[in-house]
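The values are calculated or read from the model by the stated rules, or taken from the named source; none is laboratory data. The structure displayed is predicted, hence computed values, not measured ones. Note that each Cβ is placed from the backbone with ideal geometry, even for glycine, and that neighbours are counted across all protein chains shown.
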Amino acid sequence: MYRAVTIAILLSILFNFYSLQAQQYHFRSYSTEEGLPQSEIRSILIDSRGFLWLGTQAGLARYDGHNFKVFTPKNGLVGYYVAALAEDKQGNLLIGTQTGASRYDGQKFTPLKLNIPGRIIQMGSTPDGDVWAVIFNNGQIKFTHLQKDTFVDLATTNPKLLNKPPYSFFTKNRKQFYIYSPASGEAFELKNNQLVKVSLPKGIFDGVNVRNILYQDSKGHIWYRSFASNQLFRHDGTQSNEIKLPPTFTSNQIVSVYEDNNGHIWFGSNSSGCVRYDGKRFQLFNVTNGLPHNTISGFAQDREGNVWMGTNNSGYGVLKFSGERFVNFDQRDSLKSVITWSFHEDSQGQIWAGFHNQVSRFNGSNFENFTLNNSPNTRIFQFFELSDKKLQALTIQPSGIYQFNGKKFENILSSYPLPQPPSAMYQEKDTLWFTLISSGRIVKTYQGKIIEDDQWKSGQWPNNFIFAIKRDRQKNFWMNSPNGLAKYDGKKLTIYRKKDGLKSDFVIQTQEDKWGRIWLACSNGLMYHQDGKFVDMTDQVKLPSNVLYAMVTDQYDNLWAGHQSGVSKIQFDDNGNFKTATHYGKEEGFLAGEPNLAAAFKDSKNQLWFGGVKGISRYNAQADTLKNIAPIVNIAQMKLFLKPVPWDSAQYKKYHEGIVNWQAVPKNLRLPYFENNVAFDLEALCFHASEQVVFQWKLEGLDKEWSPETKSREAVYTNLAPGKYTFLAKAKNKEGQWSTVQKVTFEILKPFWAEWWFRVLTLLIIIGLIYLVFRWRINNIKKQKVRLEKIVEEKTAEVVKQKDEIVEKNEELTQYAEELMAQAETLKEANQEISRKNEDITASINYAERIQTAILPQIQRIKKAFPQSFVFFKPRDIVSGDFYYFNTLNQYHVLAAVDCTGHGVPGAFMSLIGNDLLNHIINERKIWQPDLILNELHQQVRTSLKQDRSDNRDGMDLSLVVIDASNHTLHFASAKGSLIYFQEHQMHQIKGDKLPIGGEQRESKREFTAHTVDLSKPTTFYLFSDGYADQFGGPNGKKFMITQFRQLLAEIHHHPMNIQQKKLEETLEDWMQGRGQIHRQLDDILVMGVKVSDSKEKIEKPST
């Protein structure tokens, strides 16, 4: 008996001292796939600006929550292997490598000299600004401090102090630097570049055992270990106490120590993971409870509260730990099944979870599993417990009631005198209400006996299968089913369906909140019922998914909703008005997967339990310590003509008064008039949901309003007029918090000819020239007057002589004029006849244009399938030989740009043939492969035009793509055309076959080639005819050409699609009016553009 009690006490002590391991935590890994130069993390630091710095064996990396920026010796860094990182008092970054040291001020790296050869293993800066470095040299540790950009040996500058090696070192709160003797305890502190002797507590050193001091925390406690006993101790200023580490974690394994903002001490090991000490107990993290690898080389905590951990020899790079707000359970925690359907807390405070044909009980560390005796494959949908304290479970598919006998669950359905099996149950003490399968009835029981109650025998329920029944605070019963919602107030039954205001007839769950609202989780959104009205909250709350499964309220009156993307916490103000929604998925530590129907529960400790298809996630609000703070926006770089600028070079240095540290932005910038195309690269420091950060900007002096919210991190302004400008930028996180506004002021100078002095000088010169010209003109006129008077006299005589001749000729001309008038009248009548004929022909062509327009697909239909798209269609004549095509077949969208032989009426006839044949091939032949479509189209064109037995050579050039909405792929084939597409701002071009559709065929069989493009990345692609590239214009009256067309697409592809279309139209119009000469359109023009923005976003499948 004594032994059993002793064992129980020891187990209780261990249970309370070491946090439980049988639960899974989430660690987000960032490695080479995310942008790290190498996965071995040798040093880690969060600087005063909030950036995460990582030292690897292949260079230095800086992370802002979105991108990694890498620095190597190519950027000025001394060495690749970065073993130590620190920040000095001025905010400069100090970098220690295997080959030396560097200082980085945000603009350039400055090499720092070492007067001792070796490898820097640690660096730091004291509160007084002293910079120190520990160097490993020939098996010995050397201590140095920085003097005039050189690290000097402290033993050389303090020979009388450091004369009894060996010595070791430690830091206080990561700031003060101490050197001490592990044997004697003699110690020195670095202050003002001098070593000052200090006293360490006598209780640490006994003169016999060697002590290794690990760290002095913010409370002044000294943490140390004994090499002889492999124990960990803490001296609190009065005495030393052993701190018991978890059995699998020993002090000789400790390689890193860190104190977080909560005062918790973290210890990293070389093989056993890491532990966190909160002042009372240790929490061990290793590969058994979620840590990807057991080697932890260092720690850092960002301003939001995330703890970052460096790993070695793992390939996992750096890990982000966002706390224990979610703790997860799966097979590793003794669960035999993970698909969770229900939860219950019994009268003993134990948590039960229901699965398929299995029940599990949580004992505080892991789960005990119990089976249902003689049960088919069924789901445990509800638990209940009567006054006899016996736990019972309600199952469905098939239905049953099982009672726990201490070892297993026995089916006791027969003990309940129910006419049909139950589908759901509501409990008030020993009174139970059962909904029955098939009949739709509700039966009320008390202590196992049916209470006759005629008011519950109504057959007008919304559905014969009611899968939930609840009662609100007003004593109304609410019942939900796949075919509507029912409310029973004790007298009247009210049925609600979609026609009565429901968003969907399929109501999955109801949940009452503090304000008396009945929230409804529908199959297509979220709404609530209050005061007889339904209010749709789907668009206001904006959940990641509108397919809802479960709801629960927490202790703070927040509503939690489970959906396809995880869970969301919906918060309200004091009046119940919606305030914000915070979403949790795998990135935030929610690992249960897609939640199950109504599998959400709040226990007596106010912890929330969620059941999903991958296990259980438990939320603890007390552990949700991350700070929801606004991002920090930085203007990382100012560019000219979209290119980075070496602002400190001689070419640009004259334009500004220096560079702002940590930003490639010049101060007091005054640019010449021809440097008027500027761009700004933006970054937002945010370590949670950084992909959801949006930006806004405004250029004062040009913009009146802020730009629309965008995820783009580049702001571009072109052709700025001379003047003073201030660029403003801000960023918003997913919680809707805006950063402070950052700004850059600059000026575009006027050209010298626009200055006032140049204009005045020019005006004076013009006035002088006018006066000189005027005087010259007056003198010249006087000379001309004398000469003309003489000529007039001579000519007068000639005029008198010719007068008679003119009279005679005038009579002849009069007769001739009469003849011409008669001819003119005849021509007028002929012209009127021609005008009538022309009007008839034009009316016919206009009617043909309406027919062609009716045949072409509506652009709105294309935009419905691809919201981010455009069609730029510009026929040369009223009707066109080019046409665009769109169709759908099953999961496939078909798009084509077609250029038929000729233009105008002949080309239009050909386009009608092509459109009809494509519809026949796709709609009737059910062919969706682009190469097979072109093969069939070629044969049918030749057959339709009888080209195998005539001289007809008409045909068409065609580029055709098929979008597979299910597999996110693009298939392409072309006859004398090509496809241009962009992924990650990189241009790609696929050229089609060089043979047309139709026309002369010399080969035995014409087959076209298919190409495939993966759409897992955001993709923008373009289809086009040759009309745009072949248009004459520009300053030299030449063709636009395909090369210039590709360059134009590269410049505009990142813009919204409507802006792209506008730029294409404006560019063409400017080109056709080159040098003031208007060039007529030579051919029909067609350009189609489509953007598939996000591979995670489903491409809309065609409706059947």
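Observations, loosely collected:
- Check on ALA581, in a strand (DSSP E or B), more than 25 Å from TYR549 (Cα to Cα) and touching a residue at least 40 places away in the same chain (Cβ under 8 Å): no
- Qualifying strands (runs of 3 or more DSSP E) (wholly inside the stretch 481-541; at least 1 residues being aromatic (Phe, Trp, Tyr)): 484-488, 493-496, 518-522, 525-530, 533-536
- Yes/no for SER974 being touching a Lys or Arg at 6+ places or on another chain (Cβ under 9 Å) and at pLDDT 95 or above: yes
- Put simply, of ALA550, ALA521 the only residue that is among the small types (Gly, Ala, Ser), under 30 Å from GLU691 (Cβ atoms) and in contact (Cβ under 8 Å) with a residue 60 or more places away in the chain is ALA550.
- If you go through the stretch 504-514 and keep only what is charged (D, E, K, R) and at pLDDT 90 or above, you end up with GLU512, ASP513, LYS514.
- So SER617, is it free of Cβ contacts under 8 Å to residues at least 40 places away in the same chain, of a type in the set (Ser, Thr, Tyr) and under 27 Å from VAL507 (Cα atoms): no
- Within the stretch 638-662, being modelled with pLDDT under 90, in a strand (DSSP E or B) and surrounded by fewer than 18 Cβ atoms within 10 Å (Cβ to Cβ) holds for one residue alone: VAL660.
- Hits in the stretch 332-353 (condition: of a type outside the set (A, V, I, L, M, F, W, C) and touching a residue at least 40 places away in the same chain (Cβ under 8 Å)): ARG332, ASP333, SER334, THR340, SER342, HIS344, GLU345, ASP346, SER347, GLY349
- Spans of strands (runs of 3 or more DSSP E) in the stretch 297-390 with at least 2 residues of a type in the set (S, T, N, Q) and surrounded by fewer than 23 Cβ atoms within 10 Å (Cβ to Cβ): 367-371
- Residue pairs whose Cβ atoms lie under 6 Å apart, sitting 6 or more positions apart in sequence or on different chains, and linking a residue in the stretch 176-204 that is touching a residue at least 12 places away in the same chain (Cβ under 8 Å) to a partner that is assigned to a strand (DSSP E or B) and of a type in the set (Lys, Arg), are PRO182/ARG211; PHE188/LYS197; ILE204/ARG211.
- Going through (1) among the hydrophobic types (A, V, I, L, M, F, W, C); (2) buried (at least 19 other Cβ atoms within 10 Å of the Cβ); (3) outside any loop (DSSP other than H, G, I, E, B) one by one, VAL716 falls short only on (2).
- Residue match in the stretch 246-255 (condition: under 38 Å from the mean Cα position of the chain (by Cα) and not assigned by TED's automatic domain parsing to the domain that holds LEU146): yes
- Matching residues in the stretch 663-713 - criterion: being part of a loop (DSSP other than H, G, I, E, B) and among the hydrophobic types (A, V, I, L, M, F, W, C): PHE674, CYS686, PHE687, ALA689, VAL693, LEU702, TRP706
- If you check LEU232, LEU195, LEU214, LEU190 for being farther than 26 Å from TRP132 by Cα, modelled with pLDDT of 85 or more and either out of contact with any strand residue (DSSP E or B) (no Cβ under 8 Å at 6 or more places or on another chain) or not small (Gly, Ala, Ser) (or both), only one passes: LEU232.
- Residue that is surrounded by the most Cβ atoms within 10 Å (Cβ to Cβ) [pool: residues in the stretch 691-713 that are more than 15 Å from PRO1056 (Cβ to Cβ) and among the polar types (S, T, N, Q)]: GLN696
- Scanning the stretch 243-258 for residues that are modelled with pLDDT under 90 and part of a strand (DSSP E or B) returns no hits.
- Subset of the stretch 64-84 that is touching a residue at least 40 places away in the same chain (Cβ under 8 Å) and within 23 Å of PRO631 (Cβ to Cβ) - its residue that is surrounded by the most Cβ atoms within 10 Å (Cβ to Cβ): GLY65
- Unique residue being of a type in the set (Ser, Thr, Tyr) and more than 22 Å from SER604 (Cβ to Cβ) when the list is SER347, SER375: SER375
- Against the test of being within 34 Å of the chain's Cα centre (by Cα), under 30 Å from GLY658 (Cα atoms) and in a strand (DSSP E or B), the options ALA83, ALA61 yield a single qualifying residue, ALA61.
- Subset of the stretch 1049-1085 [among the aliphatic types (A, V, I, L, M) and either in a helix (DSSP H, G or I) or surrounded by 18 or more Cβ atoms within 10 Å (Cβ to Cβ) (or both)]: LEU1049, ALA1050, ILE1052, MET1057, ILE1059, LEU1064, LEU1068, MET1072, ILE1085
- A single entry from LYS605, LYS627 fulfils the requirement of being surrounded by fewer than 21 Cβ atoms within 10 Å (Cβ to Cβ), modelled with pLDDT under 90, part of a loop (DSSP other than H, G, I, E, B) and out of contact with any Ser or Thr (no Cβ under 6 Å at 6 or more places or on another chain): LYS627.
- Residue match in the stretch 728-744 (condition: without any contact (Cβ under 8 Å) to a residue 60 or more places away in the chain, among the polar types (S, T, N, Q) and either exposed (fewer than 11 other Cβ atoms within 10 Å of the Cβ) or not in a strand (DSSP E or B) (or both)): no
- Test: residue in the stretch 1042-1049 that is modelled with pLDDT of 90 or more, in contact with a Ser or Thr (Cβ under 7 Å, 6 or more places away or on another chain) and under 22 Å from HIS988 (Cα atoms): yes
- All positions within the stretch 224-260 that are aromatic (Phe, Trp, Tyr) and under 23 Å from ARG42 (Cα atoms): TYR224, PHE249, TYR258
- When ARG1002, ARG1046 are checked against the criterion of being of a type outside the set (Val, Ile, Thr) and assigned to a loop (DSSP other than H, G, I, E, B), ARG1002 stands alone in meeting it.
- All positions within the stretch 627-674 that are charged (D, E, K, R) and more than 27 Å from LYS732 (Cβ to Cβ): LYS643, ASP648, LYS653, LYS654, GLU657, LYS667, ARG670
- Test: residue in the stretch 414-433 that is assigned to a loop (DSSP other than H, G, I, E, B), within 30 Å of SER334 (Cβ to Cβ) and either among the hydroxyl-bearing types (Ser, Thr, Tyr) or over 47 Å from the mean Cα position of the chain (by Cα) (or both): no
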